[in-house]
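Colleague: Submitted below is the structure of interest, expressed as structure tokens.
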Amino acid sequence: MNFIHIPKTWELTENKVTSESVYFKRRRLLKNLVGFGIGAAIMPIIGCQQKTASEPALETSLNLPKIQTVPTDFTVSDRPITDEKLAGSYNNFYEFGGTKNIWLKAQNLPTKPWQVEVTGLVKSPRTYDVDDLKKQFPLEERIYRFRCVEAWSMVLPWIGFPMKSLIEAVEPTTDAKFVRFTSFYDPEITPGPGFHLGSLPWPYQESLRIEEMANELAFFAVGIYGHDLPKQHGAPIRMVIPWKYGFKGAKSIVKIEFLASQPETYWHTLVPNEYDFEANVNPSKPHPRWSQATEKFISKGPDLTWEIKETLPYNGYGEYVSSLYT
Ligand code: MTE
């Protein structure tokens, strides 16, 4: 994409990035944990405290082929990009476990070959090989704020292409109003958090209104920090919706469906009163467990440290997306 550079409130000056996460129906989870004597297993999630992993295997998981990108102006000017190793070892990927340090388990994800089926109410349904997607659309680096509903935040340098490019390629019919994104799931490979006893509504699915998907900021990431996407970040292709809480961004996508009506989604199925469909970052709308007025910004490694900052409406992107919600 070519942009005329007009400084915007969300622009950043350097590469500084982070990630995000979510939870469970607390009562059910705690009940299960207490009931099965594994309460300690959830503490890293609840406390959001851990040291950055320093294992060589972490470096290996991040040492991936470089990606050439076309220049863009999507940046963040008021905070640094999050340390790569910190972002790559503080993840949410519940298919592989319920703690933040699932990066090692996520290495079991088989990513080659990888196909994405695009189907539903479109004139040109198609199954793409992800390598073809990477060739078909010019790849851009976009530095975006990343905000977790758990009230922590990062700044991450994603590489990918705007979702609207895919919309143009498959030509949705006028009946298409919603889009559902489905993540990879294979119980042999993705055991889940272990404490749910088979009760979670896999596969992980998220959804957007088609107008949200068509917004300039909505992005498919195939890379981060200058290279291919590591498995723990949702290789080989994931959603990045910077004005929404991170749980809206499904990882490791295998299917994209254009639909007439609003579909059910993973977290909303589990905890309807905590994970609404819209999930726009909003400092004045508290989550039942996190106020959302402020956020804990994660930037420097190697150890996990926070900087408390005020939460911005729409995560700082209101100028570009608020008209979607009038
Ligand atoms: N996608 C899948 N398939 N499974 C998940 O557990 N977690 C979501 C989102 N996408 C999740 C997912 C949540 S809660 C967050 S905060 C982000 O991924 C975390 O992305 P990151 O680990 O790359 O920072």
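The values are calculated or read from the model by the stated rules, or taken from the named source; none is laboratory data. The structure presented is a predicted model; accordingly, all values stated were derived computationally and were not measured. Neighbour counts run over all protein chains shown; Cβ positions are idealised from the backbone, glycine included.
Colleague: Could you say which residue among Glu216, Glu212, Glu295 is over 25 Å from Lys66 (Cβ atoms) and assigned to a strand (DSSP E or B)?
Modeller: The conditions single out Glu295.
Colleague: For the stretch 241-274, which residues satisfy the criterion of being closer than 23 Å to Tyr320 by Cα and within 11 Å of the ligand (Cβ to nearest atom)?
Modeller: Matches in the stretch 241-274: Ile241, Lys244, Tyr245, Gly246, Phe247, Lys248, Gly249, Ala250.
Colleague: Is it the case that Ser77 is crowded, with 21+ Cβ neighbours inside 10 Å and hydroxyl-bearing (Ser, Thr, Tyr)?
Modeller: No; evaluated as a whole, the condition is false for this residue.
Colleague: Now for a different question. So which residues in the stretch 80-94 are within 16 Å of the ligand (Cβ to nearest atom) and more than 14 Å from the chain's Cα centre (by Cα), if there are any at all?
Modeller: Ile81, Thr82, Asp83, Glu84, Lys85, Leu86, Ser89, listed by residue number.
Colleague: Return the residues of the stretch 122-140 that are under 22 Å from Ile210 (Cβ atoms), of a type outside the set (Val, Ile, Thr) and surrounded by 12 or more Cβ atoms within 10 Å (Cβ to Cβ); say none if nothing qualifies.
Modeller: Of everything in the stretch 122-140, those that are under 22 Å from Ile210 (Cβ atoms), of a type outside the set (Val, Ile, Thr) and surrounded by 12 or more Cβ atoms within 10 Å (Cβ to Cβ) turn out to be Pro125, Arg126, Tyr128, Leu133, Gln136, Phe137, Glu140.
Colleague: Sticking with this one: On the given criteria, is Ala235 surrounded by 15 or more Cβ atoms within 10 Å (Cβ to Cβ) and within 24 Å of Asp73 (Cα to Cα)?
Modeller: No.
Colleague: Scan the stretch 96-153 for residues that are modelled with pLDDT of 95 or more and of a type in the set (Asp, Glu) and jot them down.
Modeller: Correct list: Glu117, Asp129, Asp131, Asp132, Glu140, Glu141.
Colleague: How about the stretch 59-74: which of its residues are within 16 Å of the ligand (Cβ to nearest atom) and either surrounded by fewer than 18 Cβ atoms within 10 Å (Cβ to Cβ) or assigned to a loop (DSSP other than H, G, I, E, B) (or both)?
Modeller: Result: Leu64, single match.
Colleague: To continue, here is another question. Report, by residue number, each residue of the stretch 267-292 that is of a type in the set (A, V, I, L, M, F, W, C), part of a loop (DSSP other than H, G, I, E, B) and on the phi < 0 side of the Ramachandran plot.
Modeller: Of everything in the stretch 267-292, those that are of a type in the set (A, V, I, L, M, F, W, C), part of a loop (DSSP other than H, G, I, E, B) and on the phi < 0 side of the Ramachandran plot turn out to be Val271, Phe277, Val281, Trp290.
Colleague: Looking only at strands (runs of 3 or more DSSP E) that fall completely inside the stretch 114-208, which ones have 2 or more residues that are within 13 Å of the ligand (Cβ to nearest atom)?
Modeller: 140-147, 152-162, 178-183
Colleague: Run down Ile67, Ile102, Ile81, Ile143 and say which single residue is in contact with a Gly (Cβ under 8 Å, 6 or more places away or on another chain) and in contact (Cβ under 8 Å) with a residue 60 or more places away in the chain.
Modeller: Being in contact with a Gly (Cβ under 8 Å, 6 or more places away or on another chain) and in contact (Cβ under 8 Å) with a residue 60 or more places away in the chain holds for just one of Ile67, Ile102, Ile81, Ile143, which is Ile67.
Colleague: Another question, if that's okay. Determine the pairs where a residue that is assigned to a loop (DSSP other than H, G, I, E, B) and among the polar types (S, T, N, Q), located within the stretch 248-266, has a partner that is within 12 Å of the ligand (Cβ to nearest atom) and at pLDDT 95 or above with Cβ atoms under 6 Å apart, the partner being 6 or more residues away or on another chain.
Modeller: Ser252/Ser183; Ser252/Phe184; Ser252/Gly234; Thr265/Gln205; Thr265/Glu206
Colleague: Tell me, yes or no, whether the stretch 46-54 has at least one residue that is assigned to a loop (DSSP other than H, G, I, E, B), at pLDDT 95 or above, within 19 Å of the chain's Cα centre (by Cα) and surrounded by 15 or more Cβ atoms within 10 Å (Cβ to Cβ).
Modeller: The answer is no, given that none of the residues of the stretch 46-54 is assigned to a loop (DSSP other than H, G, I, E, B), at pLDDT 95 or above, within 19 Å of the chain's Cα centre (by Cα) and surrounded by 15 or more Cβ atoms within 10 Å (Cβ to Cβ).
Colleague: Can you pull out every residue in the stretch 284-309 that is crowded, with 16+ Cβ neighbours inside 10 Å and either closer than 30 Å to Val116 by Cβ or of a type outside the set (Asp, Glu) (or both)?
Modeller: His287, Trp290, Gln292, Lys296, Phe297, Ile298, Ser299, Gly301, Leu304
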